[in-house]
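Worksheet for the structure shown next.
The values are calculated or read from the model by the stated rules, or taken from the named source; none is laboratory data. From a predicted model like this one, the values you see are computed outputs, not experimental measurements. Cβ coordinates were reconstructed from backbone atoms using ideal geometry, including for glycine residues, and neighbour counts include every protein chain displayed. SASA here: full protein model, heavy atoms, side chains in, ligands and nucleic acids out. Shrake-Rupley method; radii C 1.70, N 1.55, O 1.52, S 1.80 Å.
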Amino acid sequence: MQEFFQLPVFGVLISISAYMGAEKLQKKFNYPFFNPVLIAILFIIGFLLVFNIDFETYNRGGKYISFFLGPSIVALGVFFYEKYEEVKQNLKVFLITVFIGGISGVLSVVLILYLLQAPDFLIKSLAAKSVTTPIAIEISRLIEGVPEVTAGVVLAAGVFGNAFGPFLLKKLGIKSKIAIGTALGTTSHGIGTARAFEEGKLPGVYSGLAMCVNGIITALITPYLLELFL
Amino acid sequence: MLKSLVYIFGFLFLGETITYFFEMPITGNILGMILIFLALRFKIIKLKDVKPASDKLMKYLILFFIPYGVGLMTHFDIIANYWVPISVAIIASTAFALYVTAIIMEKFGK
């Protein structure tokens, strides 16, 4: 039976079908914690545990899916070009804001873990938690974190922003929808951006662009910021 | 569609090649993203030539990282040992960065 699951088609099929099923569930219930990626991952992990299948066995097919992360990052550049006209009037302010927001995200998580005396590998794995997963994984690999742990915390930061971000910001007195969108994209990447689009099209665009910009900023500064602490 | 895939993979390849030959603090795919933006901005390539593939890739972006998420199962020990600092750090840092970003944008944005 184990040999059967070693066929790459198993890993590919279960990834795609779990994601499709989770998306259908989300459309039905539309609840923040019903994040399709989260559900799909938990389902697959459960399936592998029940049938006693190794992650390596699953990943013989899974790696064909994750291969597409590389070209997807390039596609983010195209998305940015297409949309940046829409933020042109705010471009300077927007770039500076995302820059400061991005640095606050990295610095604060590193500082908190440092104060909690977390081990170095954990700090390296969590440093890029605010940016979109494909970029976060690359950063984690570059600074010698654990990419799988990074994937998990990125998801957590996204779900937190998606579920509580707008509520929290409105409680703290933020009124501008554009500000809420920018904040969601800067801290909670694609999952936050999905929430920003629920606030309106413009906040969604700001959020998507903030996700791209912060991906680049975090990729450039994280290795240097970490040198200050580790 | 085929042409746009050639462009996307071409820029990815270009980024990977440059970072392979020169020591850089950045990965090939992120460099590819910056280069394709610049190529569009300076009209070296046309948006319509890359859009079909890039739209599809963006649409399924989150599907592609499912295998990494599943990989978390090989690190259960890390989560079990450090779930407290991990949760504190994610929640506090995300809330802090959300507020910093939003307040600056609200004050200075139009």
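I'd like the full set of residues that are open to solvent by 20 Å² or more (accessible area, probe 1.4 Å) and out of contact with any Ser or Thr (no Cβ under 7 Å at 6 or more places or on another chain), limited to the range A:125-154. Selection gives A:ARG141, A:GLU144.
Looking across the range A:61-92, the residues that are farther than 20 Å from A:VAL37 by Cα and open to solvent by 80 Å² or more (accessible area, probe 1.4 Å) come down to A:GLU85, A:LYS88, A:GLN89, A:LYS92. A count restricted to the range A:113-123 and to residues that are open to solvent by 40 Å² or more (accessible area, probe 1.4 Å) and farther than 15 Å from A:VAL153 by Cα stands at 5. Taken over the range A:1-32, the criterion of being open to solvent by 100 Å² or more (accessible area, probe 1.4 Å) and over 24 Å from A:PHE68 (Cβ atoms) is satisfied by A:MET1, A:GLU3, A:PHE4, A:LYS28, A:PHE29, A:ASN30, A:TYR31.
Quick grid of which residues meet (1) open to solvent by 20 Å² or more (accessible area, probe 1.4 Å); (2) in the same structural domain as A:ASN30 (by TED's automatic domain parsing); (3) of a type in the set (D, E, K, R):
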| position | (1), (2), (3) |
| --- | --- |
| A:PHE164 | yes, no, no |
| A:ILE191 | no, no, no |
| A:PHE197 | yes, no, no |
| A:LYS201 | yes, no, yes |
| A:VAL213 | no, no, no |
| A:THR218 | no, no, no |
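Checking each residue in the range A:178-187 for being open to solvent by less than 10 Å² (accessible area, probe 1.4 Å) and in contact with a Phe, Trp or Tyr (Cβ under 7 Å, 6 or more places away or on another chain) picks out A:GLY181, A:THR182, A:GLY185. Only one of the listed residues (B:SER93, B:SER54) is of a type outside the set (D, E, K, R) and under 19 Å from the mean Cα position of the chain (by Cα). That residue is B:SER54.
Residues in the range A:99-107 include none that are farther than 18 Å from B:PHE96 by Cα, in contact (Cβ under 8 Å) with a residue 24 or more places away in the chain and open to solvent by less than 10 Å² (accessible area, probe 1.4 Å).
Taken together, A:ALA219, A:ALA183, A:ALA194, A:ALA163 contain a single residue that is within 19 Å of B:TYR60 (Cα to Cα) and either more than 10 Å from chain B (Cβ to nearest Cβ) or touching a residue at least 12 places away in the same chain (Cβ under 8 Å) (or both), which is A:ALA194. Please work out if B:TYR68 is more than 14 Å from the chain's Cα centre (by Cα), at the interface with another protein chain (Cβ under 7 Å from one of its Cβ atoms) and either open to solvent by 60 Å² or more (accessible area, probe 1.4 Å) or among the acidic types (Asp, Glu) (or both). For B:TYR68, the condition - more than 14 Å from the chain's Cα centre (by Cα), at the interface with another protein chain (Cβ under 7 Å from one of its Cβ atoms) and either open to solvent by 60 Å² or more (accessible area, probe 1.4 Å) or among the acidic types (Asp, Glu) (or both) - is not met.
Tallying residues that are within 10 Å of another protein chain (Cβ to nearest Cβ) and in contact (Cβ under 8 Å) with a residue 40 or more places away in the chain within the range A:11-48 yields 9. Of everything in the range B:17-52, what is more than 7 Å from every other protein chain (Cβ to nearest Cβ) and within 30 Å of A:TYR58 (Cβ to Cβ)? Give them in sequence order. Residues satisfying the conditions are B:THR19, B:TYR20, B:GLY28.
Given the structure, is A:LEU155 modelled with pLDDT of 90 or more and not acidic (Asp, Glu)? It is false that A:LEU155 is modelled with pLDDT of 90 or more and not acidic (Asp, Glu).
Taking (1) closer than 20 Å to A:VAL154 by Cβ; (2) surrounded by fewer than 17 Cβ atoms within 10 Å (Cβ to Cβ) in turn, B:PRO52 satisfies each apart from (1). Filter the range B:28-47 down to residues that are open to solvent by less than 20 Å² (accessible area, probe 1.4 Å) and in a loop (DSSP other than H, G, I, E, B), then give me how many there are. So the count comes out to 1. Here the condition is being open to solvent by 50 Å² or more (accessible area, probe 1.4 Å) and in contact with an Asp or Glu (Cβ under 7 Å, 6 or more places away or on another chain); of B:TYR20, B:TYR7, it holds for B:TYR7 alone. Quick check: is even one residue across the range B:83-95 more than 30 Å from A:GLY46 (Cα to Cα), surrounded by 14 or more Cβ atoms within 10 Å (Cβ to Cβ) and β-branched (Val, Ile, Thr)? No, the range B:83-95 contains no residue that is more than 30 Å from A:GLY46 (Cα to Cα), surrounded by 14 or more Cβ atoms within 10 Å (Cβ to Cβ) and β-branched (Val, Ile, Thr). Scanning the range A:166-180 for residues that are assigned to a helix (DSSP H, G or I) and more than 8 Å from chain B (Cβ to nearest Cβ) returns A:PRO166, A:PHE167, A:LYS170, A:LYS171, A:LYS177. Filtering the range B:1-54 to residues that are under 19 Å from A:ILE135 (Cβ atoms) and of a type in the set (Asp, Glu) leaves only B:GLU16.
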